[in-house]
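Asks: Quick one: this structure, given as structure tokens, is what I'll be asking you about.
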Amino acid sequence: MVTESESPPRRAWDGRANYLVGFQVSKKNLMEIVKKLMVHMERAEGTMYRDELLSKIIEICQQNNYQFITNFEWYVSVLVELTRLEGTKHGQLIAGQMLDVAIRVQAIRHFAVSQMATLLENAHVLVGNAQRNSICEVLYAAAWICGEFTEHLLDPQSTLKNMLRSKVTNLPGHIQAVYVQNILKLYSSILVKAEVEGDRQFIKDLTEMLVEKLPAFSQSSNLEVQERACSAIQMMKYVVKLLGKDVPVAEEVQALFAGELNPVAPKAQKKVPVPEGLDLDAWINEVPSSSSEEEEKEEGGANS
């Protein structure tokens with residue numbers, strides 16, 4: 001088998017060998033096969049070859065709804081380790097797997113959140129490579145997971161500060177937009193705890209920090225980031241106003257992000273029965289007459 005070689009020549013790992021690996025995987029040997037593939041990936045020359053190995057690792061792990069994975073903490077660790085691969089084009093693929101596992105496997109959320117918090121802490125490494133490769137895409141997943149499952153964060157204040165660093169504005173717009181949204185989620189979670197403890201000074205300092213840092217996002221060239229940032233700033237100004245009147249705000253702010261998102265299978269819609277009496281092929285409005293259709297065609301021809 002190719003994976004048993006200490007240092008196989010690249011020609012030995014051709015498309016056919018790559019294809020056959022997927023058929024050799026089982027619950028017993030998955031971890032060992034992935035380990036060997038990662039060793040080959042680290043030694044491989046050329047980004048195209050490394051990307052091929054990376055996509056194969058994810059392919060054999062996720063096949064048949066993760067049929068062969070017995071330890072999802074191990075898989076999360078593999079995904080995090082893959083973020084160290086420079087020059088890859090598969091950042092979005094890794095991010096998608098992080099999100100999928102964190103949402104679907106509730107038992108490992110605490111571990112997943114701790115790993116994502118570490119990625120956010122070391123985001124400066126990924127931000128620096130944002131223009132050269134797509135690995136910064138994992139920060140999209142990291143920010144979303146930490147914001148959605150804040151109850152699992154060991155130090156939410158530190159994570160919040162990491163998400164407000166100035167270099168974050170160098171990230172692609174769609175990632176910044178997720179940062180803004182989940183900064184507010186984190187803030188609301190911290191606010192609830194601080195209000196219960198009666199730490200008013202901490203609440204004031206935390207709120208002032210967001211009022212100071214959020215405007216950096218409003219200067220983004222991305223319209224989605226601008227809109228989210230401006231909305232967040234206005235919300236923070238409202239919170240400051242209420243705090244000045246000694247009005248509790250935590251419950252009201254947290255209500256904006258209430259509700260849990262559940263995983264939905266791609267084919268779930270097909271299982272939803274059509275309500276009795278509903279004809280999906282019937283016209284909703286009256287069927288247009290032939291004269292109306294001719295007039296529309298004439299108008300269309302005149303406009304063209």
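The values are calculated or read from the model by the stated rules, or taken from the named source; none is laboratory data. The structure displayed is predicted, hence computed values, not measured ones. All Cβ positions, glycine included, derive from the backbone under ideal geometry; neighbour counts span all protein chains shown. Ligands, DNA and RNA are stripped out before the accessible areas are found, and what is left, the full protein with its side chains, is counted by its heavy atoms. Shrake-Rupley method; radii C 1.70, N 1.55, O 1.52, S 1.80 Å.
Asks: What is the dipole size for segment 74-175, taken about its Cα centre, with +1 at each Lys and Arg Cβ and -1 at each Asp and Glu Cβ, in debye to the nearest 20?
Replies: Values: 8 positive and 8 negative charges, 47 e Å.
Using Cβ point charges on Lys, Arg, Asp and Glu, segment 74-175 gives about 220 debye.
Asks: Let me ask something else. Lysines near LYS56 by alpha-carbon distance under 25 Å, same-chain residues fewer than 8 away left out - which ones?
Replies: Reachable lysines: LYS27, LYS28, LYS35, LYS36, LYS89, LYS267.
Asks: With every protein chain left in place, what is the accessible area per residue of the chain in square angstrom, probe 1.4 Å?
Replies: 59
Asks: Hey, what do the phi angles of segment 78-88 turn into as Karplus ³J(HN,Hα) couplings, whole Hz, using 6.51/-1.76/1.60 and θ = phi - 60°, x for Gly and Pro?
Replies: 5, 4, 5, 5, 5, 5, 7, 7, 7, x, 6
Asks: Hey, can you rank 247-259, 26-38 by average C-beta count inside 10 Å, highest first?
Replies: Ranked from most to least packed, the peptides come out as 26-38, 247-259.
Asks: Provide the per-residue ³J(HN,Hα) series for segment 34-46, in order, calculated from phi with Karplus coefficients 6.51, -1.76, 1.60 and θ = phi - 60°, each as a whole number of Hz, with x at glycine and proline positions.
Replies: 4, 4, 5, 5, 5, 5, 4, 5, 5, 8, 5, 9, x
Asks: From the backbone phi of segment 247-254, what are the Karplus-calculated ³J(HN,Hα) couplings (6.51 cos²θ - 1.76 cosθ + 1.60, θ = phi - 60°) in whole Hz, Gly and Pro given as x?
Replies: 9, x, 10, 4, 5, 5, 5, 5
Asks: Here's a follow-up. Quick one: putting +1 on the C-beta of Lys and Arg, -1 on the C-beta of Asp and Glu, what dipole do you get for the chain around its Cα centre, in Debye to the nearest 20?
Replies: 1560
Asks: Once the convex hull of the alpha carbons of segment 55-169 is built, what does its volume come to per residue, in cubic angstrom?
Replies: So the per-residue Cα hull volume is 86 Å³.
Asks: Continuing with the same structure: Using label points projected 7 Å from each Cα along Cα→Cβ, tell me how many nm separate SER218 and GLU45, to one decimal.
Replies: The two pseudo-label positions are separated by 5.4 nm.
Asks: Evaluate the chain: find the radius of gyration of its Cα atoms, find its Kirkwood radius, and give the ratio Rg to Rh.
Replies: Expressed as Rg/Rh, it is 1.10.
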